[in-house]
Amino acid sequence: MIVFTPTRIRDTTGSTDRTVVANAAAAVPLGRRWTAGVQALRVVQVVPTMVAAMGFAFVLSFVSPCVAETDDGSADPAVLRADAEKTFKTKVGPFVNKYCISCHGPRPEAGINLQAALKSPGGASSSLHWKKAVANVKVHDMPPDYADEIPSDEERRQFITWIGKLKYMAPRDPGAFVIRRLSKVEFGNTLRDLYGVIPAVADSLPEEVVGEGYLNSISPLQSELFLDIANKVVEQVVAPDGQPPSEVQKRLFGDTPPKAADFRVAARQVARSLARDAYRRPPSEAELDVLVSVFDLGRENKLGYTASLGLMWKAVLVSPQFLFITPAEEVDSKDAIVPLDDYQLAARLSYLLWSAPPDAELSALADQGKLHDPEVLRAQVERLLSHDRSRALFDGFGAQWLGVSGLQSQSFDPDVFPQMTAALRTAMLEEARLFFQSIVRENQSVLRFVDSDYTFLNEPLAELYGLEQSVQGSAMRRVTLSNPNRGGILGMPATLATTSMPNRTSPVRRGVWVLEQVLGERVPPPPPDVPELEDQPQKSMEGLTLRQRTQLHQSEPTCANCHKVFDPIGFGLENFDAIGRWRDKDDSGVAIDSAGKLPSGESFSTPAELKGLLAKRKTDLARNLTERLMAYALGRQLEGYDEVVIDQLMIKIAPDDYRMRTIITEVITSYLFTHRKVKG
């Protein structure tokens, strides 16, 4: 059980600087468990004059959503499970014991524990081990060439197929439900929407860790920062004593009661209103008791009515109910799987598409208990996607998927690329954002991410495209492209620059990016102690082109198998320099050789031909995007039975040509998104 205890709350709303100390003298038993590893929230300030004691603590629960999808008639789950069990017993087990277990058994190498996976082949914890094993077997990295026995190519292909069946052995258990903290952007947007302060008030918070989900803990430093922000918010909104109240203050606190005897009753009503907005649900009576006790503490320390409300408001702003997206209430049910409460569903939906709290319409639907009506939920998805605020879906998900989040701070050699100004970087990101938004807004097929005939440019960015004569000014506008090598994310400067080195291109990074981000393939990590090209002996590099230097990796036994897979893809994008400009010759004047091939064997000689081959893999493109969006929406990696759910979603979205809004809607209306596990 984790108990959140704000230990000190600094009050700056009065005429003097007062400090109130709150100890963990009284916990609020909400009957919830939370084992997500969240650290106790401590907010500490110096005590200059007085110390008063008051306990206040919050206990949250650890819950899980449901992964159970109803069968759509495409296959009998019992038959699929029986086939998977037979395949595991007669195929997978013998293969692993023959070729793998000596290295990946009791003392597993490279983090792959197949002995544990054999004991629980369908378990969520085994899923990642199987995926890693498949990735290594596919590129011939496992078993290594020096092993006593090596499987044939046909055995490798069969093993990959066999592992694909193990998902049907997984129980209907999605794993741990992620109770996650609001991201920096979400936190700032929430303060803006609820209290009218500018989101920049949250700029002091550290940047988030990129990945599926977010940090679910608060460090001592972050707790200090959250309290500092709470102080700033209250100072901006609450007028000093003797000054007329601001409009926001009047909305939040109302009028001061005529009699001091009524202060506590009025404070409870203010607490109820504050908590309803901040917690994104109605507060419990126990939670209101805690907040009113904070108000009482202010009064005991001779704070005025308004100052005591301000102190209570600070308690709301540093509470885990505000900082974390959590379940609203306990569930008294005999079922192990239940729908999310409407309040959490509203919050999940709003933070996914807008990176902001539910608006008035969503909140009203949650109050009415209508969000679990499929038609109502679909209509709300459509409404939120049609609003300009849905640009947040790119800022949160799209930029993470494309890997361009760090472009603004990425290093480029100013002597080699003086064009990489802050303005150009901003234009690159805006092109990616507007392109992503156009596909969502127009409900285009995911195929358009790879193969399109338009983009968004301004004059600085148009120079990289060689279109500066037809695009003037700093405003971004939609531009039709006639060059078949351009159009889509493969020929976009933002992605090309992100996958480059500071002073040159990187076929390795670009090849891995295409395989992982576009096609959804898992690429094994590089072996340790392998130097970058620049760190290799220069004598051996003299007179070689970048392609030839890159191919040196393939002469290293520990590197060859993987580099033979992704290097040829990266070579296909070599006509684009490190910031996305087209070129026919490299820096040394040698003609670019962009010939390559996909792991499946299809060859190409230009970026346009590479795009054409990838476009034929529409199903792979759509599945990768669906999986990534689902993982982002749930805040965790997909595993186990999740893959079965994705299979069912693919059946639903295929008839609509894998259109983007259809994918988003099916993810949001799926059981993974709308249900949770409460038992077992």
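The values are calculated or read from the model by the stated rules, or taken from the named source; none is laboratory data. A quick note: this is a predicted structure, and the numbers were derived from the prediction, not measured. All Cβ positions, even for glycine, are placed from backbone atoms using ideal geometry, and neighbour counts span all protein chains on display. Keep in mind that these areas ignore ligands, DNA and RNA; they rest on the heavy atoms of the full protein, side chains included. Shrake-Rupley method; radii C 1.70, N 1.55, O 1.52, S 1.80 Å.
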Per residue, how much accessible area does the stretch 377-485 have with a 1.4 Å probe, in Å²? 43
Say each of K652 and K334 gets a label point 7 Å from the Cα, pointing the same way as Cα to Cβ; how far apart are those two points in nm? 2.8
Put I668, I651 in order of accessible area, largest first, 1.4 Å probe: what do you get? I651, I668
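Treating the beta-carbon of each Lys and Arg as +1 and of each Asp and Glu as -1, no other charges, what is the dipole magnitude of the stretch 150-209 about its Cα centre, to the nearest 20 debye?
Approximately 260 debye in magnitude.
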Whole-Hz ³J(HN,Hα) for each residue in the stretch 265-276, computed from phi via Karplus 6.51 cos²θ - 1.76 cosθ + 1.60 with θ = phi - 60°, x for glycine and proline: what do you get? 5, 5, 4, 5, 5, 5, 4, 4, 5, 4, 5, 4
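Over the stretch 571-680, what is the mean sequence separation of C-alpha contacts under 8 Å (at least six apart), divided by residue count, expressed as relative contact order in percent?
Values: 80 pairs, mean separation 18.4, N = 110.
Value for the stretch 571-680: 17 percent.
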Of all accessible surface on the stretch 245-334 at a 1.4 Å probe, what whole percent is carbon and sulfur? 50
For D203 and D153, what is the calculated FRET efficiency with R₀ set at 56 Å and r taken between the beta-carbons, to the nearest 0.05? 0.55
Tell me the label-point distance for the pair S474, R522, using the 7 Å Cα-to-Cβ offset, in nm and rounded to one decimal. 4.7
Burial order of peptide ranges 198-205, 603-610, 255-262 (average beta-carbon count within 10 Å, highest first): 603-610, 198-205, 255-262
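If you put +1 on each Lys and Arg Cβ and -1 on each Asp and Glu Cβ, how big is the dipole of the stretch 331-459 around its Cα centre, in Debye rounded to 20?
I would put it at about 60 debye.
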For the stretch 347-471, what % of the accessible area comes from carbon and sulfur atoms, probe 1.4 Å? 50
Among K86/K618; K86/K119; K132/K616, the pairs whose Cα-Cα distance exceeds 21 Å are K86/K618; K132/K616
Theoretical gain in end-to-end length, R107 to I160 [0.36 nm per residue, Cα-Cα removed]: 16.7 nm
Cross-link pairs K138/K165; K250/K370; K91/K138; K138/K597 - those with Cα-Cα distance over 22 Å: K250/K370
Label-point gap, in nm, between A239 and D373 - each point 7 angstrom along Cα→Cβ: 4.3
Which far-off residues, 5 or more places away or on another chain, put their amide H under 5 Å from the one on I337, with H placed in the peptide plane? V678
Please list, in chain and number order, the residues 5+ apart from R180 or on another chain whose amide H is under 5 Å from its amide H, with Hs placed from the backbone. I325
With unit charges on the beta carbon (Lys/Arg positive, Asp/Glu negative), name the residue among V233, Q158, N189 whose Cα is farthest towards the positive pole of the charge dipole of the stretch 111-252. Q158
Compute, for Y671, the solvent-accessible surface of its heavy atoms (probe 1.4 Å) with the complete set of protein chains present, and express it in square angstrom to the nearest 10. 80
Given a 1.4 Å probe and the protein chains all in place, what does the accessible area of R268 round to, in Å² to the nearest 10? 60
Just the accessible area for L573, please: 1.4 Å probe, Å², rounded to the nearest 10? 0
Per residue, how large is the accessible surface of the stretch 605-680? Use a 1.4 angstrom probe and give square angstrom. 31
Accessible area per residue for the stretch 218-318 in Å², computed with a 1.4 Å probe and the full protein assembly in place, what is it? 42
